[in-house]
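Asks: What follows is a single structure, and I will ask about it in a moment.
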C-alpha cells in the first residue's frame, strides 16, 4: 500500500537503510527507527533521519526507537535531542535490550526538558500498545 506524502511516495512498512539506522514509516503515523547492532547513533546519523523525515514530509508522527544489541547513542546526540526547541514527534518510545541502554534512556527521559511523552520499553509490543493508548486519550480529549 502506498501513501502520498508531499509529492513523493513512501511504502508503508518498507525499511529504508540509512547506514547506522533503518527507518520505516508505519500505519498509524509511526516513525520506526532501528539502531543496528553494535552501532552508535551520532549527530550525523540523527541528521540523516531528520533529512529523511523532511524529504518525505513526515510530520505529526510517533517515534519508536529500537536499540540493537550493544548499540548506543553518543553524548552529543543525547544532548542535542534533549535540548531541542522544536517537537518533531508527538511522543517518543524507546525499546532497549540491555541494562546500559536502560540506564541511558531512563536518564534521558528524566532529564529531558521537552514537553512530549517519553517512555522506555523492553519490547515493540509494549511500545505499540503505549502509542495506541496515547492516540485513544488524544481522541477523547
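Asks: Could you grab me the full set of residues in segment 36-62 that are in contact with a strand residue (DSSP E or B) (Cβ under 9 Å, 6 or more places away or on another chain) and within 14 Å of residue 16 (Cβ to Cβ)?
Replies: Of everything in segment 36-62, those that are in contact with a strand residue (DSSP E or B) (Cβ under 9 Å, 6 or more places away or on another chain) and within 14 Å of residue 16 (Cβ to Cβ) turn out to be 36, 45, 48, 49, 52, 53, 55, 56, 58.
Asks: Among the residues of segment 29-48, are any under 16 Å from residue 88 (Cβ atoms) and assigned to a loop (DSSP other than H, G, I, E, B)?
Replies: Yes, because at least one residue in segment 29-48 is under 16 Å from residue 88 (Cβ atoms) and assigned to a loop (DSSP other than H, G, I, E, B).
Asks: Now a separate question. Could you list, in sequence order, all residues of segment 101-126 that are within 23 Å of residue 39 (Cβ to Cβ), modelled with pLDDT under 90 and in a loop (DSSP other than H, G, I, E, B)?
Replies: 112 - this is the single residue of segment 101-126 that is within 23 Å of residue 39 (Cβ to Cβ), modelled with pLDDT under 90 and in a loop (DSSP other than H, G, I, E, B).
Asks: Taking residue 113, is it touching a helix residue (DSSP H, G or I) at 6+ places or on another chain (Cβ under 7 Å) and touching a residue at least 24 places away in the same chain (Cβ under 8 Å)?
Replies: Against the criterion (touching a helix residue (DSSP H, G or I) at 6+ places or on another chain (Cβ under 7 Å) and touching a residue at least 24 places away in the same chain (Cβ under 8 Å)), residue 113 qualifies.
Asks: Which number in (1) in a strand (DSSP E or B); (2) modelled with pLDDT of 90 or more; (3) exposed (fewer than 14 other Cβ atoms within 10 Å of the Cβ) marks the one condition that residue 76 misses?
Replies: Going through the list (1) in a strand (DSSP E or B); (2) modelled with pLDDT of 90 or more; (3) exposed (fewer than 14 other Cβ atoms within 10 Å of the Cβ), residue 76 breaks only (1).
Asks: Please enumerate the residues belonging to segment 79-100 that are part of a loop (DSSP other than H, G, I, E, B) and over 21 Å from residue 68 (Cα atoms).
Replies: So in segment 79-100, the residues part of a loop (DSSP other than H, G, I, E, B) come out as 83-88, 96-98.
Residues satisfying the conditions are 83, 84, 85, 86, 87, 88.
Asks: While we're here: Restricting attention to segment 15-64, report how many residues are in contact with a helix residue (DSSP H, G or I) (Cβ under 8 Å, 6 or more places away or on another chain) and on the phi > 0 side of the Ramachandran plot.
Replies: Result for segment 15-64: 2.
The values are calculated or read from the model by the stated rules, or taken from the named source; none is laboratory data. All values reported here derive from a predicted model rather than from experimental measurement. Please note: Cβ atoms are built from the backbone with ideal geometry, for glycine as well, and neighbour counts cover all protein chains shown.
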